[in-house]
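Below you'll find the structure, written out as structure tokens, and then a few comments.
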Amino acid sequence: MTKRRNLFMVGSSFTIDHLPPEIWLCISKLLGTSDLHNLCLINRRLYLTITSDEIWKRRCYDRWINRENLDILTGNDYDSIPVSQWYSYYLRRAKWENKIFCLLWGLTEETNPQHFREKYLHILQFRHYKLATFLHRIIKQGYIPDKRPLDLITYANYLLKNVRHKYVFPLFYPTNAAELKNLNNMASR
């Protein structure tokens, strides 16, 4: 009994980073991403605990992968994810989304029609399944005063329609002579 009491007494050698990983897993569910990043900076042991796959795999699936798997246009061309690198995947994907968000924000401030068109087409060149997932989330979150203008939501909506059109249109209208010939052969049967 005295040993247990000594663990939590002032001056004991027990610190927060000595909590078992199972406890950190429970705590991480309650914390936001920025809080977890800040915890990683405390020391090496917490860094190794917080960057474990159990924590970040669930966050990746909740934020991106489940939504991409539900998207009929995604197919199987999404990034292969090494099983031991969920934390780095999360960081890479969040950085990519930040880049897209900055480009999208730039559209709202652009006054030159030519530059607007170039930026708009530049955004459309990103991978459609990642872009569609991100644009869905922007539209779903909606207008946020002082953080997200209505123009941004409108442009996200237009971009999403263009992404959809870009990948659905070829299904109905062939783009080259070989596809047209195949469709004609199938229709004549």
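Can you tell me which residue in region 98-128 is surrounded by the fewest Cβ atoms within 10 Å (Cβ to Cβ), limited to those that are of a type in the set (K, R) and within 20 Å of the chain's Cα centre (by Cα)?
Looking only at region 98-128, we keep the residues that are of a type in the set (K, R), and these are 99, 117, 119, 127.
With the extra rule that they be within 20 Å of the chain's Cα centre (by Cα), the set shrinks to 99, 127.
Details: K99: 12, R127: 14.
Here the residue is K99.
Being closer than 13 Å to L104 by Cα and under 13 Å from the mean Cα position of the chain (by Cα) is the filter here; which residues of region 133-144 pass it?
First, pick out the residues of region 133-144 that are closer than 13 Å to L104 by Cα: 134-135, 138-139.
Scanning region 133-144 gives F134, L135, I138.
Scan region 22-36 for residues that are surrounded by 14 or more Cβ atoms within 10 Å (Cβ to Cβ) and either at positive phi or of a type outside the set (A, V, I, L, M) (or both) and jot them down.
Here is the first cut: in region 22-36, the ones surrounded by 14 or more Cβ atoms within 10 Å (Cβ to Cβ) are 24-25, 27-28, 31, 33, 36.
Within region 22-36, W24, S28, T33 qualify.
Please report, ordered by residue number, the helices (runs of 4 or more DSSP H) entirely within region 63-173 with at least 2 residues that are modelled with pLDDT under 85 and closer than 30 Å to S28 by Cβ.
Working: elements: 66-70, 86-109, 113-124, 128-141, 150-172.
The qualifying helices (runs of 4 or more DSSP H) are 66-70, 128-141.
Evaluate the following for I42: is it out of contact with any Gly (no Cβ under 7 Å at 6 or more places or on another chain), in a helix (DSSP H, G or I) and at pLDDT 80 or above?
Working: out of contact with any Gly (no Cβ under 7 Å at 6 or more places or on another chain): yes; in a helix (DSSP H, G or I): no; at pLDDT 80 or above: yes.
In short, no.
The values are calculated or read from the model by the stated rules, or taken from the named source; none is laboratory data. Just so it is clear, the structure is predicted and the values come from calculations on it, not from any experiment. Glycine gets a Cβ as well: all are built from the backbone with ideal geometry, and neighbour counts include every protein chain shown.
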